1. Read through the labelled values [x] 1.13; [y] 0.98; [z] 1.02 and report the label of the one computed as Rg/Rh (Cα atoms, Kirkwood Rh) from the structure.
2. Within a 10 angstrom radius of the beta carbon, how do 448, 411 rank from fewest other beta carbons to most?
3. For a test of the definition: using alpha carbon positions, the gyration tensor, and the 1.5 limit on a/c, classify region 393-433 as rounded, prolate or oblate.
4. Please report, to one decimal in angstroms, the Kirkwood hydrodynamic radius of region 1-135 built from all distinct Cα-Cα pairs.
5. For labels at residue 384 and residue 86 in the simple 7 Å Cα→Cβ model, what's the distance in nm?
6. Under the rule of at least 5 residues apart or a separate chain, name every residue whose amide H is placed under 5 Å from the amide H of residue 325.
7. How would region 364-478 be classified by its alpha-carbon gyration tensor: rounded, prolate or oblate, with rounded meaning a/c under 1.5 and the a/b versus b/c comparison settling the rest?
8. Once every Cα of region 78-234 carries one equal point scatterer and solvent is ignored, give the base-10 log of I(q)/I(0) from the Debye formula at q = 0.10, 0.11, 0.12, 0.14 Å⁻¹, two decimals.
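Nothing in this text is a laboratory measurement; each read-out follows from the coordinates by a stated rule. These numbers come from a predicted model, not from an experiment. Because the Cβ atoms are built from the backbone with ideal geometry, glycine has one as well, and the counts that use them run over all protein chains shown.
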Amino acid sequence: MTAWADLVSTALLGTRRRRFDPTALPAAVRPLVSDEPETGLLTAAAVLATYRRAGRVPARVDAPPVPVARDERPLVPPAARRRLSRLPVDLLPEWLDAVRERGLRAPPEHLPALAEAARTRPPLRAALAGAAGPAGAWLGERNPAWGFLVQAAPDGDPDGDGVWEYGTAAQRRAWLHRTLAADPQAGRAALTATWAGEPAGMRADLLAVLAEHLAAEDEPFLEAALDDRAAPVREAAAQLLPRLPGSRLVARMRERAARLVRADGSALAVTPPDPGDPALVRDVGGPQARAARGPADLLRAVVAATPLEHWARAGDPADVVVRPVHGCDPHVLHSGWAEAAGRERDARWAAAVLRAIDPGAVDATITGVLARLPARVQGPAVALLAARLTPQAMAAAVGQLPAPWSPELGTAVLDWIATHPGNRGLGGAARAAGIRVPRACLRHPVATGPLPVGSAPWWRELAATLTVRREMHEELDR
């Protein structure tokens, strides 16, 4: 038993039941220890603890650390450096992206704190890695918790030799994105060659990269992914295949739509799909897919994946969506049509659904179509939806709008908000708008005009957010 373990055991049992052995103490400590049991125990513990700390040989570094690669980009201007320390976390991704886009670099003294913030906030990671540059990669190589700062191939290695085989997850995603853009055939060959050995999470991530470069030749690969053992991969493949109009999945969904939704005079007669149909369950992403919870969800998935031109035989979109529906809740069809309208960016179908939908049935699928419509029609679409919903329901819809917003969408949302200055229930919508409207909207009258009489507290907060965003861009432009 070591001297320290002996002291601990004696302290736990008490000096009446156990005496520690002073001869086990180091020779330099023994003369300092009293013979009295209680005092001797405490003295021995104090002296031995100090002895152990002071008696260690200092660690030696065999070689100095590799210095950070030189970053030729200039630092952000002084005003921007001062603002960084008081910038709200919600605005950090935008600030970091703006730094990178301007060819600047973030202050190195702030990088450890930013890296620690990004460790628990994944949306910050890509933006920080771009703004940090080599200094961020240097930190990431030395702290595994900050590994997301390690970029893809270094500047001196434009081809990224070895990155696909041996790089980090972030490096490999960036390499695949770059390669699919420059040499699609090589990128797809690399993806298929390693696919079977990729972890499930990485397979889903790589499909997200492929989604940005989707082509008809990807159909066989995505069809095989419908049978993947991981539910997120199957779901991702099921979402991508409808974007290929000539795919076999689209043909299967069109055939199902013809069987399940039929014209019955002036109405639409719906036959609910069979949740036990294995082929249908496979086509929506498998048995664990979020969409496969019951007949209504399966039907919505079928309608969403069916091209909108399939419904042209039933009439004009404005006429089709108002037809009575027998056999299911009309919202199921409306939601499917809205998703298809967003995918195909069809303004006529989107407008028809927004006019016909029950205001109480508006959900993320319905509002999500606004962000995917052509920019020129987003303003009228927002006005159309606002005319159908109460201000509180419209505020909830605005909060569901996915980013990024176009200038037209941002202006339309701010215009709507400005018509309800005294409504205290719009705080959530105002906060979402303050963060998501693009830079072109930062001089909207909400931010630059006088504070309306009787305005709700959120108005001042929204104006302040837009002003801070405008100022931080101006500082980076100096």
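1. So the structure-derived entry is [x].
2. Values: 448 12, 411 19.
Ranking 448, 411 by Cβ neighbours within 10 Å, fewest first, gives 448, 411.
3. Numbers: a/c = 2.35, a/b = 1.39, b/c = 1.68.
Since a/c reaches 1.5 but b/c is at least a/b, the shape of region 393-433 is classed as oblate.
4. Values: mean 1/r = 0.0505 Å⁻¹.
One over the average 1/r among Cα pairs gives 19.8 Å for region 1-135.
5. 4.5
6. HN-HN under 5 Å from residue 325: 268.
7. Numbers: a/c = 1.97, a/b = 1.19, b/c = 1.66.
Taking the square roots of the gyration eigenvalues as a ≥ b ≥ c, region 364-478 is oblate.
8. -0.42, -0.51, -0.59, -0.77
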